[in-house]
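Step one of this worksheet: look at the structure below.
Computed from the coordinates by the stated procedures, all read-outs in this text should not be read as laboratory data. Keep in mind that what you see is a predicted model, and the values were worked out from it rather than measured. Neighbour counts are summed over all protein chains in view; Cβ atoms, including those assigned to glycine, are modelled from backbone coordinates with ideal geometry.
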Amino acid sequence: MNWRQAAWITVGAVAAYAAMRALPTGTNLHQVDFTVTGKNALELCDPASPQFIPVVAVRSPVTMTVLPQAGGPNRFLVRLATSSGKPIGPLDLMEVHTRKLHLLIVDPTLTDYQHVHPEATGTPGEWSFQFSPKFPAIYRVFADFTPLVTGRSLYANADIKVEPTAPASLTPPTGLPAVAASILGTAAITPSTVECCGDPNPPLSWTQDVAGCHFVLSPSALPVRAGQPVDLSLLITRPDGAPVALEPIMGAFAHVVAFDADRSGFAHLHPNQADPLAPPDPVRPSLPFKLTIPRPGRYVIWAQVRPGGHEVFVPFWFEVAP
């Protein structure tokens, strides 16, 4: 091969590389944009094996801010960006369980949990969502998403301050409240829609009766111990023995989220089976999960299911032993 041939091959390779780089990949982000080094760095997590993630205590390569949005009560904007300031939009994220971005929102007592899905606004890195808080409190918002360039889950968190307001007949509208801090959005809630607060110590229980169904979450071993994997089985029945008619929700028959009492992090779990849409027993559907909790303390697991076409959230409170 003479030098002319080598030169033409080199030119061709460079042109092919440039052409490939010019193709629309859907994102201008790279794996390095989602890498944090040093102590307390949040590692990318395998979506096939999710575990409890201490999101608040670690450094994430993604920053999230939550701000009030005009256009209705309790509407918010989420802004996602890399640590270097690059916006993160829908083209940058994989669709996981039918959505690009999952927000897990919970009050300080862990008794008001909501799972919402923001929609991109068209502004780079900006997403919009609405939720209906039950209490005046500082709600914590955990974001769960998977960057396209890594294929592995990442997380971020921010807080929303929900403040009580006087009824509209007593206080003239004053518009949206001010933002208290860069990561602290503010919402308003009227006293007529609020109890004073959630119960800070609900009874420990692996069983619940909700929406005409009996729910049992059975751990493979008791007590559940810190650092030790535990298998969980969610059984759903009706007292009269009738079929449960469980329907899929977000590509699975159940979504399970665990929180600790300090809201330091969470685990977002799906049925531990090869086919998440394999129909369970129509009368006694039972769904398996696997979880490892790193620290002892008080926890709640919220199960999100759709029996008979109605979405319900079912809490299970338990203690994790050392």
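A few notes on this one:
- Computed label-point distance, nm, for sites Ser286 and Asn28 using a 7 Å Cα→Cβ extension: 5.4 nm
- As a proxy for reagent exposure, ranking Val256, Val216 by other Cβ atoms within 10 Å from fewest up yields Val216, Val256.
- Simple label model, 7 Å out from Cα along Cβ direction - Asp262 to Val216, nm: 3.5 nm
- ³J(HN,Hα) computed for each position of region 94-105 - Karplus, 6.51 cos²θ - 1.76 cosθ + 1.60, integer Hz, glycine/proline x: 7, 7, 10, 6, 6, 9, 7, 9, 10, 10, 10, 10
- Cross-link partners for Lys134 among the aspartates and glutamates, with Cα-Cα distance under 15 Å and sequence neighbours closer than 8 places in the same chain left out: Asp107, Asp112, Glu163, Glu195, Asp199.
- Close amide H contacts of Val55 (hydrogens built in the peptide plane, cut-off under 5 Å, sequence separation of 5 or more or a different chain): Gly265, Phe266.
- Peptide ranges 282-292, 149-159 listed from the most packed, as the mean C-beta count within 10 angstrom indicates: 149-159, 282-292
- Computed E for Ala242/Asn272 - FRET, C-beta separation, R0 35 angstrom, nearest 0.05: 0.80
- With the convex hull of its Cα atoms as the shape, region 207-321 has an orientation-averaged projected area of 6.8 nm².
- For region 229-241, 3J(HN,Hα) computed residue by residue from phi via the Karplus equation (6.51, -1.76, 1.60; θ = phi - 60°) reads x, 10, 8, 10, 10, 9, 10, 10, 9, 10, x, 8, x Hz, glycine and proline entered as x.
- Around the amide H of Ala81, modelled in the peptide plane, lie the amide H atoms of Thr63, Ile88, all under 5 Å away and 5 or more residues distant in sequence or on another chain.
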